[in-house]
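Report on one structure; see the data block that follows.
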Amino acid sequence: MTDTPSSRPADGAPIAGVVPAHIRGASYAVLAVFIAALCFGLWGLWHTVIGTTPRAGADQAQVEALAQQVATLTRSDQISRDANRDLQGTLAERDEEIAALRADVAFYERFVGSTAQRRGLTVHQLALAPRAGQAWHYTATLTQNLNRGAVSSGRLSLAVEGTRDGRLEQLDWAALRQDPGAAGVEYSFKYFQQVEGEIILPPGFEPLRIRVRLTPASGAPVDQTLPWDEVVGATSG
């Protein structure tokens, strides 16, 4: 019988397809290290998330507190601005009142002071202000200091000259009051008095001049004619 080579490998040679034991051990070690590193990383991530969550909540609370402070300060600033604006308005009104009082004092001094020029009954000023429709409000300031202590009394009436439909026209007191029997406005004073009332102009009438007539209880009437544009918007006083 002829001998043939045996299929059995020589002693110490590795068998094909079989991983040596020391290589398998090294692989298990590497895998164990990887798993340990992964677990450590997951633990660190969890610790970081858990550790920062309270801090994030504290930061949010601080932001909300700061926002509330800003809103409070903004509201306080608006209130201060409103109060300052109201104060400025009040001061402006007081300045106007003081100016008016000073004008009144100067007015009184001109007529009752020891150096005042003596004048008889006169219309010191006439002012007109528009009202609804064709109505006008008038304020006439009457003065006299010729007879000190004496009372001047009588009636005031107005007449307006103007044009309508291209023609000159004069409206007397009855027409301005729209009352055929209208009497003049009574006045009675020692040094000065303001007489007020309203007149009504007819549609299409363009006023040019206004005449004031003072009819005293005794003595001759006093007439003064003023341009319409001069008395419209004038400050009474």
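The values are calculated or read from the model by the stated rules, or taken from the named source; none is laboratory data. This is a predicted model, so every value here is computed, not measured. Using ideal geometry, Cβ is built from the backbone for each residue, glycine included, and neighbour counts are taken over all protein chains shown. Surface areas here come from the heavy atoms of the whole protein model, side chains and all, with no ligands, DNA or RNA. Shrake-Rupley method; radii C 1.70, N 1.55, O 1.52, S 1.80 Å.
Any residue in the stretch 175-186 that is farther than 12 Å from residue 138 by Cβ and open to solvent by 60 Å² or more (accessible area, probe 1.4 Å) sitting within a Cβ distance under 6 Å of a residue that is at pLDDT 95 or above and part of a helix (DSSP H, G or I)? List the pairs, counting only those 6 or more apart or interchain.
Partner pairs satisfying both residue conditions: 180/174.
Contact list please: Cβ distance under 6 Å, first residue in the stretch 212-228 and more than 11 Å from residue 153 (Cα to Cα), second residue among the hydrophobic types (A, V, I, L, M, F, W, C) and in a loop (DSSP other than H, G, I, E, B), pairs at least six apart or on different chains.
Qualifying pairs under 6 Å: 222/121.
So, in the stretch 129-142, exactly how many residues are surrounded by fewer than 21 Cβ atoms within 10 Å (Cβ to Cβ) and either over 16 Å from residue 198 (Cβ atoms) or of a type in the set (A, V, I, L, M, F, W, C) (or both)?
Counting residues in the stretch 129-142 that are surrounded by fewer than 21 Cβ atoms within 10 Å (Cβ to Cβ) and either over 16 Å from residue 198 (Cβ atoms) or of a type in the set (A, V, I, L, M, F, W, C) (or both) gives 4.
Is it true that residue 234 is at pLDDT below 95, part of a loop (DSSP other than H, G, I, E, B) and open to solvent by 40 Å² or more (accessible area, probe 1.4 Å)?
In short, no.
Within the set of pairs 6+ apart or on separate chains, which have a first residue in the stretch 140-161 that is closer than 18 Å to residue 220 by Cβ, a second that is among the small types (Gly, Ala, Ser) and open to solvent by less than 10 Å² (accessible area, probe 1.4 Å), and C-beta atoms under 7 Å apart?
156/140
Mind listing whichever residues of the stretch 187-201 are farther than 15 Å from residue 137 by Cα, of a type outside the set (A, V, I, L, M, F, W, C) and open to solvent by less than 40 Å² (accessible area, probe 1.4 Å)?
Passing the criteria: only 187.
Filter the stretch 159-202 down to the residues that are touching a helix residue (DSSP H, G or I) at 6+ places or on another chain (Cβ under 6 Å) and closer than 20 Å to residue 130 by Cβ and list them by number.
199
Which one of these is open to solvent by 60 Å² or more (accessible area, probe 1.4 Å) and either among the aromatic types (Phe, Trp, Tyr) or more than 23 Å from residue 118 (Cα to Cα) (or both): 155, 167?
One residue alone meets the criteria, 167.
Select from the stretch 202-230 the residues that are in a loop (DSSP other than H, G, I, E, B) and closer than 15 Å to residue 175 by Cα and write down the one among them that is most open to solvent (accessible area, probe 1.4 Å).
If we take residues in the stretch 202-230 being in a loop (DSSP other than H, G, I, E, B) and closer than 15 Å to residue 175 by Cα, then 203 is most open to solvent (accessible area, probe 1.4 Å).
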